[in-house]
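Worksheet: the structure to be examined is printed underneath.
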Amino acid sequence: MSVSHCPICPLIFQFRTEVEYHLRNDHRSRADEELDLRDELQEAQSDLTWLRLRALQSAVSEPSVSLLLDTMPAKAMTSLDAARLRRLAHKAHQRLSLEVRGGDLSNLEHRLARAVAAAEGGPTDAGIAVFVSARQLTIIRLPLEPKERVVIDPTFATRDLFDALQSSPRYRVAVLGGAGPRLFEGRGHTLTDVSNAHPTGALTAPRRGISRGDAGRVEPWSLRHHRLQASVRMTDDALDTRSAVTGSLPLVVVAAPRMVSLFRRRSRHERDLIGHVRRMQTPPSAHDVERLVAPVVDAWHRQLADAQVARLEQADSQHQLTWGTETALAAILAGKVEHLWVQRGYMVPARTLGDGTLQIVDNPEIPNVIDDIVDDLIEIAISKGTPTDIVHINASDHPRGGVAVQLRPSATAADPTKPERTTAA
């Protein structure tokens, strides 16, 4: 049998393709590595999506570094936030030096430093997450404030991403009036003008009604009503086309009160409406729209959060919940959980023992300790398709712990910890 030799080192391979793979990955020059890292950095800063979350949750590389920081919304990171992020990176360096040695350490530190520098030069929202491993590099702006922390585990700390996606869903804004409707889409308080992405050209349709020679005259009611109807139809056409591409989204309408009233009566998209705002006199910019709709979006987020807590309280009042991190983890691994609730910000560092049980520890920075077993618990639940809610509740209201599960009926019946019901003879 013929064999192939590596021209650089003494290794021998059975197939030529194995040699080529070995050369690409094990004998890359420093220049090649820098070019690859530059390409990674260009793609690192991306929008938060469910697809991006799944990719990060499935990434396993020991160690994986997660830096999470609350930030001030800005077009570029403020100097104070940049200093805080560098402090977290230094803390990560100190921990990595205890767990990694040699070239692996220097490579990981170099990647982390470049990622932090890229994050400092980019825009910020309420928070930022920097994820770095030997194979992964991602920077994500968060619409919610995460707890400031450094996590070094075999997987990334993604609970804040899931929390943001769940409690701050993507939404759409339609600005009516003017030359035609303008559409914006985003999450939290960050919006992007998608009007130019509209393929039909309907967003730039000319306004009909009053000609220049009619300036100063009082517009007849019938003509004004006809114009408003035309504007609603044009907006519906734009929303139809956009929804065919990205799907239906919760909708905020920015318009004059009369046009909002007509939209509610006539629009095919009225069912998506979560609120409306009075339109500005001058054509608004994306920043203006973000500021206008912020109170409506915040109220909508509070409604979503209240609904999550209400479902938890109802299940708890009906004695359907089992509290405790270890119990919840065992039930999720066994596939017995119907619903998982986790208190926002609730974290438990733990060490996995040889028999599979957990040993809760006080210091997450101890080597071979999982910084937050609750984060792993959430990822396992999501991977199994278990409905999961991260809820904002007070620990004093639920002293039994920050994790609760609702077991499937069959699992509850077989659970020896549950008292059996007896029927009087």
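The values are calculated or read from the model by the stated rules, or taken from the named source; none is laboratory data. Quantities reported herein were computed from a predicted structural model and do not represent experimental measurements. Quick reminder, even Gly has a Cβ in these numbers, built from the backbone with ideal geometry, and neighbours come from all protein chains shown.
The helices (runs of 4 or more DSSP H) found entirely in the stretch 243-336 that carry 2 or more residues being within 15 Å of Tyr171 (Cβ to Cβ) are 286-317.
Here is the figure for the stretch 341-368: residues that are in a loop (DSSP other than H, G, I, E, B), of a type in the set (Val, Ile, Thr) and modelled with pLDDT of 80 or more total 1.
Each residue in the stretch 245-274 was checked for being within 19 Å of Arg227 (Cβ to Cβ) and under 29 Å from the mean Cα position of the chain (by Cα), and 2 of them qualify. Please identify the pairs in which a residue from the stretch 256-269 that is among the β-branched types (Val, Ile, Thr) has its Cβ atom under 6 Å from the Cβ atom of a residue that is modelled with pLDDT of 90 or more and not in a helix (DSSP H, G or I), counting only partners at least 6 apart or on another chain. As it stands, the answer is Val260/Val253; Val260/His276, since those pairs meet every condition given.
Filter the stretch 334-360 down to the residues that are crowded, with 16+ Cβ neighbours inside 10 Å and aliphatic (A, V, I, L, M) and list them by number. Passing the criteria: Val337, Leu340, Val342, Met347, Val348, Ala350, Leu358. Specify the residue that is farthest from the chain's Cα centre (by Cα); the eligible residues are those in the stretch 275-300 that are touching a residue at least 60 places away in the same chain (Cβ under 8 Å) and surrounded by fewer than 17 Cβ atoms within 10 Å (Cβ to Cβ). Step by step, filter the stretch 275-300, then rank; the result is Pro283.
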